Each structure stands twice: as structure tokens, then as C-alpha cells.
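So the structure is just underneath, and the comments pick up after that.
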């Protein structure tokens, strides 16, 4: 006697088809709005970073409402960013004016093989190559219109992105606590407290990453300034500031800074250029494999090996954006996994903790006393 094959209900088939279609639409939606999602993600990092600062201002100025404390902090950040841009723009504008006046003399010296540029062109036979390929150079110059327009569009997009991130961060700091409280009020008290506790741990992880990254950038900028100053490279402070800013990008930031510093060194003199290149080759290896894992293991409470592996995998998957997000994402995963493990074993944390040694969050200097830690036993989720 043969048994008839079981029939799949039509409702199950339709539900499966609907789920596949919904997943495809979700993927297409993410692809279409990925730029905005990146802006929101960056704004979230700024929100988490500036939230403790706003809370500190509120505690110091008890009469200050939250909107005034938030506005004061963001105005200070805006002034700091404007000061950094001014430090770059003013010297570049002055040098551009001087260069425009000296350009005919520089070109004449370069053609005659005089001066640092002329000597460099003579050694590399660049003048002979230019003379032999004048037609190609002319064709290349006429084709630069489209790339120049693309650069202008990119600059406009960057300005829009900066304004959008600034506004999103401001609203996140101002309305974030109210939004979180209203959302958690929909959940059971025990589950809401657990989410709040884990969120506090994740925020401390992100703050630790940003502080560690800033420390590494300061070290890179100071060392670059010392090397450039020793060899007499002009504008050592400006170049060192640029190197420190781009060094905020893990793994590849020092390389970007090395290109600018190396060019400045070679323009000044060949020995200075060689020394700058050697310095960055050595420093980048030390930063990527020693300094960065060691500092992040203390600020993010991650194992140095986990830091290095997370950065390498994220760079391979998502490039520069992956390098920026690798360490905080790894730290957040560690926090969530540890919380799940604690609750599965029936031993949930009584106080929010950070890192493998489980140091209490409220024992840290930057801890926020606004939400009292949960002291009662929590049932496993």
C-alpha cells in the first residue's frame, strides 16, 4: 500500500513566497538608501560620543535645560571643527597666492634644471619625458573637464553629508533619552532593564574606541611633527595635523598621511623625503601590529588578537568604512554575547560591566549616574 505524499498547504507556499519577496525588497531598499544609512550610522557614533558630555554639562549647570546644554556642546564642537578647517585653509590660501606669484620663476628654473624641483626633474628625466609626450599630455588635459565636475559634485555631497550628520547627531543627543525611555516602556520591566544595561555597555565600548583612536592619532601627529621638524620640512605643524586627522582611519590612515608628508619631504630635499618615508614605513607597522591592538585592548576591552583580526576582516569586507567600524562592532558583539551567556547560565549581571575583568560601569570616571543600576535578580530572558 503506497502512502500519498503530504501536500504543502497553499497558505505555507504563499507565506514563503511573500517572505522571499519581502527580503528582496528589503535588500533593494538598503542598496538604494545605503548612503543615508551610512550618514545615520556616523551620526549615531557622534550621538553616543557627545551624550556623556551633554550629561556632564547638565550636572555641572543644574539650572541648564537639556536643550541649552546640547546646543552649547554642539556649538563648541562646531567652533573646534571650524578652527581646524581655518588652520588648513589660511596657510593654504597664503601659500597659493605666493605660489601664483612665483610660478613663472619656478617653471623657468625647472626647465633649466635649477632649484629642488629642477634637480628632481633632471634626475628622473621627467623633462625629457614631458617633451617627448606633449601631445598625450595635451589630450589628457582636455579630458579633465568631466573629472573636475565629478570632484565638484563630490564636494557638494560631502557638505550635505556633514550638515545632515550634524543635525541628526544634535537631534539624537537631544531626543535620544526620551525616545529610548518611550520604547523601553513598551517592554516588560525585567527585559527593559536588561536592554538598558546592555546598551550602556555598548555605549561605553564605542566611547572607549573613539578615545583610543584619538590617542593613537595624537601620537602619530606628534611623532610626524618631530621628524619633519628635525629635517627642516616647511609647514611641519600643518602636515602633522593632517596626518593626525587621517590617522583616525585604522590601518590605511597612516598611509594616506605618509603620501602627503613624503611629497613635502621630497620637495624640500631628497634626504628629508627618504627619512620621512622610512619613518612612516616603520611607524605604520608598529601602529597596526603593536600600538593599535595594545591601546584598544585597554579602551575597548578587547583582546589584541581579536582587535587585529576584526580590523583585517572588516577591511576585506567593507574597505575604509569597515576599518572604522570593525573595533566598535567587535566590542558590541562581545558585550551581547557575554550578556546572552550570563543569562543562559542563570547568572545575569547585577551591575553593568565592561571588559573581560567585568569592571563596573558606574566605577568609571565617565559613568553617568542618571540611571541607577539594577540591583535585583533578573530572570533569564
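Once label points are set 7 Å from the Cα along Cα→Cβ at both residue 187 and residue 226, what is their separation, rounded to one decimal in nm?
Calculated label separation equals 4.8 nm.
So what's the gap between the Cα centers of segment 21-40 and segment 222-287, to the nearest angstrom?
39 Å
Run the numbers for residue 278 and residue 159: contour at 0.36 nm per residue of separation, minus the present Cα-Cα distance, in nm.
Full extension of this stretch gives 39.3 nm more.
Divide, for segment 193-283, the radius of gyration over alpha carbons by 2.2 N^0.38 Å, where N is the residue count. Spell out each step's value before the answer.
Values: Rg = 17.0 Å, N = 91, 2.2 N^0.38 = 12.2 Å.
Compactness ratio reported: 1.40.
So, R0 is 35 Å and r is the distance between the beta-carbons of residue 22 and residue 248; what FRET efficiency does that work out to, to 0.05?
0.40
Computed over the Cα atoms, what is the radius of gyration of segment 248-308 divided by 2.2 N^0.38 Å, N being its residue count? Present the calculation step by step, with values, prior to reporting the outcome.
Details: Rg = 14.1 Å, N = 61, 2.2 N^0.38 = 10.5 Å.
Its radius of gyration relative to the 2.2 N^0.38 Å reference: 1.34.
Only the coordinates and a few stated rules stand behind these numbers; no lab work does. Only a predicted model underlies this, so the values are computations on that prediction, with no experimental measurement involved. Every residue, glycine among them, receives a Cβ derived from its backbone with ideal geometry; neighbour counts consider all protein chains shown.
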